[in-house]
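*Asks:* Dropping the structure in here first, questions after.
None of the figures in this text is laboratory data; all of them are computed from the coordinates on show. As the structure is a computational prediction, the values presented were derived from the model and not from experiment. Because the Cβ atoms are built from the backbone with ideal geometry, glycine has one as well, and the counts that use them run over all protein chains shown.
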Amino acid sequence: MDFEHNAQTRDLLERLRAFMDEHVYPNEQVFFDQVRAMGDNWQPAPIIEELKPKARDAGLWNLFLPESELGAGLTNLEYAPLCEVMGRVHWAPEVFNCSAPDTGNMETLVRYGTEAQKRQWLDPLLEGNIRSCFAMTEPDVASSDARNIGSTIMRDGDDYVINGHKWWSSGSGDPRCKLYIFMGKTDPDGEDIYRQQSMILVPADTPGITIRRSLPVFGYTDAPHGHGEIVFDNVRVPAANILLGEGRGFEIAQGRLGPGRIHHCMRLIGQAEVALEKMCRRALERHPFGKPLADQGVTRERIAESRILIDQARLLVLNAADKMDKVGNRVARKEIGMIKVAAPQMACQVIDWAIQVHGGGGVCDDFGLAYAYAAARTLRLADGPDEVHRDQLARLELKAHR
C-alpha cells in the first residue's frame, strides 16, 4: 500500500495550488458578491466563466475520468489530492470542469453511453459548454432504497414516455443545464426487483418538464446551481435515449455513485482543512479572559482532535481510491461505504469546532463556515444516508462470519 504521489500528480498539484493561489482564493468574495447581485436571476457567476479558459490553458481541465483517455489519465488515487485542493473552495471544481453532478454524469456516459449519446451529450459536457442534472430521488418514497422509485419510463413505439416526481435534482436550476439523466421503472411489476429500473437521457427542454421550485439547503439556495423539485408529465423522448438497455438502471446507479461518493469525500477533506486553518488563526488572534484562545485547553484539544480526524479520513479515502483502481467500484463498495460515513461526520465535527472558536461570527457568512457546515451536513444524506451505508457495512462484515 503506497500512497506516495507520483511525478505526474506532484506536477499537477504544484500547478493546481499555484492556480488556486493566483486566481481562486483572491476571488472567493467576488463569487458571492456576484451571486448576491444577481438576486433571483439565476445566471452563472461571471468569475467562473472568466477562470475556465485560464484553467484549460494551464492544463488543469477534466482531471477526473479514470480509465479513460478523455480526461487527464489519472487513477482515483492520483486524482484524490487534486480533488481535495479544489474542494477547499466550494465553487472551484467547476472552474476545472470537475464539479458534481457533471463528473458523475460524464462518467456514466463514458461507461454506459452509445457513441451517438456521447457525441450529443458527453462532448459538450467535456468542453464545459453545458451542464447536467441527475434525477433519481423522489419526495413520495424512501429514496434511500432505490427499489422504491415510483417514476415510470414506458415504451410507446419508437419513444419512451416518462412520468414522475423528483426532487433534490442538483444542477437543475442552472440555465446551462441541458440534460437530465433520469431513473425510473421500465418494468414496475418485474419479478427481479433489481431489474425493474432503467436510466434514460432527457433533454432539459423537452415538453412536459416543470421545475416547481429550487430547494434551499439550510436557507442557502446554492444559486446558480440549485436542487430542483421537478415534475415529468408524459415527457416523450426517443427510445435511443435509454442507457445500456432496459433493466440496467440499478447497475448504472452503482457504477455512477461510487466515484461520486469518493469525490464528495475528497472535497470534504479540503473543506475540513480550511476550517482547521481558520480555527487556528482565530484561536491565536482572540484573547478572552486575558489570554489567547490558543492557550485554552479545550481549544488545543479540539485542534489536535481535528488533525487526527482529518488525517484518518484522508487515509480512508486514499485506501478506497486505491481499492477502486485495483479491483473496481463494486468490489470496493465496503471501502466506499466507510468513507461516505466517516468523511461527512469528520467534516461536520471539525467545522463545528471552528464555528465555536469564531463565536457569533462563525454562524454568519463572514467566515464561510456556516455554508461549509451546511454543505457537509447535507452530505450525510446525499448519495445514500449514513444509516444505509452502515447497514451495508454490517451485512458485509456478518457475511464473512456466517
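*Asks:* Considering only C-alpha atoms, what is the centroid distance from the stretch 325-402 to the stretch 154-219, in Å?
*Replies:* Spelled out, the Cα-based centre of one part sits 27 Å from the other.
*Asks:* Also, I was wondering about something else. Can you list the HN-Hα couplings for the stretch 297-307, worked out from phi with the Karplus curve (6.51, -1.76, 1.60; θ = phi - 60°), rounded to whole Hz and with x for Gly and Pro?
*Replies:* Per-residue couplings from phi come out as x, 5, 5, 4, 4, 5, 5, 5, 5, 4, 4 Hz.
*Asks:* Grab the beta carbon distance between Asp192 and Gln43, set R0 = 35 Å, and tell me the FRET efficiency rounded to 0.05.
*Replies:* On the way: r = 45 Å, r/R0 = 1.28.
After rounding, the FRET efficiency stands at 0.20.
*Asks:* Would you tally the net charge around Gln34, using a Cβ to Cβ cut-off of less than 13 Å, leaving Gln34 out, and scoring K and R as +1, D and E as -1?
*Replies:* Numbers: positive: Arg36; negative: Glu28, Asp33, Glu49, Glu50.
Charge balance near Gln34 sits at -3.
*Asks:* Can you tell me the length gained on complete extension of the stretch Ala142 to Asp386, counting 0.36 nm per residue apart and subtracting the Cα distance? Each step should come with its number before you reach the end.
*Replies:* On the way: separation 244, 0.36 × 244 = 87.84 nm, distance 1.41 nm.
That pair, Ala142 and Asp386, stretches by 86.4 nm at full extension.
*Asks:* Say the dipole of the chain comes from +1 at the beta carbon of Lys and Arg and -1 at that of Asp and Glu; which of Ala375, Asn76, Met1 then lies farthest toward its positive end?
*Replies:* Farthest towards the positive pole: Met1.
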